[in-house]
Structures are given as structure tokens and as C-alpha cells.
1. So for segment 302-317 (the condition being crowded, with 24+ Cβ neighbours inside 10 Å, under 30 Å from residue 503 (Cβ atoms) and touching a helix residue (DSSP H, G or I) at 6+ places or on another chain (Cβ under 6 Å)), does at least one residue qualify?
2. Among 150, 139, which is the only one that is surrounded by 20 or more Cβ atoms within 10 Å (Cβ to Cβ), free of Cβ contacts under 8 Å to residues at least 60 places away in the same chain, in the same structural domain as residue 189 (by TED's automatic domain parsing) and within 24 Å of residue 196 (Cα to Cα)?
3. So how many residues does segment 463-494 have that are in a helix (DSSP H, G or I) and more than 25 Å from residue 225 (Cβ to Cβ)?
4. So, of the residues in segment 191-217 that are part of a loop (DSSP other than H, G, I, E, B) and touching a strand residue (DSSP E or B) at 6+ places or on another chain (Cβ under 6 Å), which turns out to be farthest from residue 429 (Cα to Cα)?
5. Take segment 363-403 and flag every residue that is at positive phi and either modelled with pLDDT under 95 or not assigned by TED's automatic domain parsing to the domain that holds residue 444 (or both).
6. For segment 337-362: of the residues being over 23 Å from residue 420 (Cα atoms) and in contact with a strand residue (DSSP E or B) (Cβ under 9 Å, 6 or more places away or on another chain), which is modelled with the lowest pLDDT?
7. Would you point out which residue out of 92, 102, 116, 130 is surrounded by 18 or more Cβ atoms within 10 Å (Cβ to Cβ), more than 36 Å from the chain's Cα centre (by Cα), in the same structural domain as residue 35 (by TED's automatic domain parsing) and touching a residue at least 60 places away in the same chain (Cβ under 8 Å)?
8. Tell me, which residue of segment 452-462 that is touching a helix residue (DSSP H, G or I) at 6+ places or on another chain (Cβ under 9 Å) and not in a loop (DSSP other than H, G, I, E, B) is nearest to residue 313 (Cα to Cα)?
């Protein structure tokens, strides 16, 4: 199962369940959290500054400081409190720190900041344990000054659970927020991390288990998950030693127009590279002969014969590079009409690019097609489909995707950083990919990959999740040595990555 995405309320319920039902003492959870953060600190550094608040997040920080002290590190702790009070576990850790001889300074007024600023400036690493996921009000006063000091002076900052100042549900900055180099969060990925605005604040995000069994995390709250390699590996179909091309899908790719013939080539080659058995391509009548010369491993069919191809295939990929024209819409309508006549409910229709654009103000066409539909819009295309602004969609990606998929009974792949995949019941967020793959043809490549995997028997959600993850992870690997990446480079690597995943699957 992929990793759960959690709200602050879900995390409170999970902690309460662990303490009250599983009987795991809260102090043990705090200790485990500290040890997991410690494993991400560079212990070749000698001087650490740990800044703690009064809540349990501050208690985590105090426990981290203890373990750093035990490893012979020079540690200064700054405890931010008006009256030296805190939660019971935090106060216990504060007492232990003082009994161990740690240098603990209480910060509660402006004059206390002089020493803190000097320490932050000198530290090899600053640990931010000021506020946790429970923060709900804007940060002001001395707390805001501390965060400003961290951001201006810290060489390297590690945030405990969440950077102080971020709303863990929305990712909004509550007045100001720590800009961490790394965030070590606990048990579940926080929903607020999905806001694009959090990229500057969170740095590299790592999720660590602090002793609560994963099955209890999965049982809490909504059906929202972060895709991981283990879950994708389990989706990749193994090929039978006696299999032949007819066993691995018959895919129809309808793409391309004058000036955009590459869309068909990229989509069909990505489909084949993903393991599809038979691929037939069709296109604008003006370029079909030209495309036939370049797509040698696929068959071609004239658009006048599109109904015949629809009858024979089990997956259709429609739209890349076709143009937002009446001719494109009419061809899509012919395909939809034939699908309704055929009544093959297992057929998958993947709509991308202009296959989506011709649905503007016509999304009712998606209803009662009688097949399984996958839509792959970017933000601009989603805005045209919904009538909502791009800014609104960016700020409410999860809710918009889930609602649209549920209303129209489709699988939606809302592309972008942290691509969203939803069927209206569950929602998955893909963490792979970067701006290195922000080049022409990448969407065509992804469409082909989804179609290719769907042709081999994966359901719409499975095909979309696996293809999106693989597409991004191949790009991430190539980006280690490249400034930018072309779709053709992704396609070349697809069979190798699939082979590796199947081999890993056998060993696990």
C-alpha cells in the first residue's frame, strides 16, 4: 500500500489511538521520533542548536538534544516559553536535559534573542522544533523574530515533523515559516506538503515510522496516498514465457496533425516501450502517410477506417497534437459512438491534449460512453474542462481532482509537480519528476505509457499510477547527469526500468 496522506486531525487521532488503544506510552513515541530525526543529522558536524517550543514538537527537539549530547556533540538548546511551562512529556525531557548538564536557555523576551542569534549564526546545524502540526494561528512577536533569525543565519536547518509556521493541512504560511533544508516528518505525509508554496519551506521531505504499525495509519481518515516504488513495483505485470503479442494489448493511438506529427510517434513508441503487444496508429488524413514512414513497429490505419480499429482494440489513446478543431471533435464523437455501439465495457479510452480541449463546455460527452475513461489534463486543460481558474485549481488540486473524477466517473491524471491521480473514490499523489522533464512531448510520452500498461491488463487507476511514477522516476535518474531531458530519452529507458521492477518484485 502507498503511503497515507494525513491531516492534522488524522494525526491527532492516530496518536491518540496509539497511546490509548495500543498502549504505546507517548514518551516512547517522542523518543522514537527523536531517534529517527537523529538518523538524518550529519553527525560529522560538531555544533548543533536546537530551538524548542512548549508543545510535543518541542519535546521531540529536547530529546534530540539529549542524544546529540550523548554522542559528544556541542549542543545549545533554546526553550521558547514565557513561564518555562510545557506539555508533560516536554517538561520531563526539559528536566532530563538540565540534569544532564545541557546548556538550556529560556527565551521569552527580546533581550534573550541576542544569544540565540549568535548561536544560530555559529551552528553547523539548526534543529527547528518550535511549532508542530497543531499550529493554527499566525506567528507574531518573538516567535516570528526567531524564525526570521533561522532563515537569515542558519547554514543548514532540519525541521522536526513540519517547518514551524506552515499549516499542515493547507501548506499556507501562517505569518512566517522556517525555510528548512530537510523536513523529517512522522508516520504519514502531511497534506499541507502538497501545496506548491511549501517547496521553499520543506526542503527534502522524509517520512519516518515512529513505532505505530503501518496498518493503523492506513485505516485512518480519507483515501489519499503518496505513491512509492514498492507499491508501483507490485503493479507491473509479469510476462508469461509462452505469451505472444496478442496477449499484451491491442492499442489504437490517434494523434498528430500537420506540424505535430511527432506527437503520434512519441505516444506510439512510448506505448510499445511499455510492453504493448500491438499498436495501430491513426492521424489527420493529411499526415497519415508521413507518420507511417516514421512509426515502423506500429501499424497505420486511415481515419476513414477508425470504426474498424475501435472494434479491434482494447485501449484507445486519443488527442496528442491533433489540434483543437471541429475535425478533432467529430473524430472523437465517431469513436465514442462506436464504443457505445460495441458495448465493450473493459475498453479503456485515454484522452489527452486536444482530446480534452474539444470537451470544453461539453464534458457531458463523457457520460454513458460505456467504457473506462482516463483523462490526463495539465492545469490549463483542467481549467477549460471545469471553467475554474488555473490559480484556483493549483490551490485546491486534490479537491478539484477528486470531485471531477467522482462527478464524471473517470480516472483523472492532473499533471504537474506532484501529479494527482483520482477515480473519485481514492486519490494518489505521484512524488517523482522535476522541471528537467518540462520539455515538449512529455505529455505524449505519458499518454503512451498509460495506454501501454492498460493494454496489458492494468486497471485505469493502476495504469495511471504506474505510468506516472515510472515516467517521473526515469526522468529523475536521468536528471542526475542532465540539465534537461527529451521524451525520446525517457522512452529508451522504459523497458529497462520495467525489467528492473519485475526483477525486484521477484526478489521481494
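The values are calculated or read from the model by the stated rules, or taken from the named source; none is laboratory data. Keep in mind it's a predicted model, so treat the numbers as computed, not measured. Counting neighbours? That spans all protein chains shown, and the Cβs are built from the backbone with ideal geometry, glycine included.
1. Yes, because at least one residue in segment 302-317 is crowded, with 24+ Cβ neighbours inside 10 Å, under 30 Å from residue 503 (Cβ atoms) and touching a helix residue (DSSP H, G or I) at 6+ places or on another chain (Cβ under 6 Å).
2. Every option except 139 fails the conditions.
3. Total meeting the criteria: 7.
4. Ranking the candidates gives 210 first.
5. Let us first name the residues in segment 363-403 that are at positive phi, namely 368, 370, 387.
Within segment 363-403, 368, 370 meet the criteria.
6. So, considering only residues that are over 23 Å from residue 420 (Cα atoms) and in contact with a strand residue (DSSP E or B) (Cβ under 9 Å, 6 or more places away or on another chain), the one modelled with the lowest pLDDT is 345.
7. Details: 92 fails: surrounded by 18 or more Cβ atoms within 10 Å (Cβ to Cβ); 102 fails: touching a residue at least 60 places away in the same chain (Cβ under 8 Å); 130 fails: more than 36 Å from the chain's Cα centre (by Cα).
Checking each option against the conditions leaves just 116.
8. The selected residue is 455.
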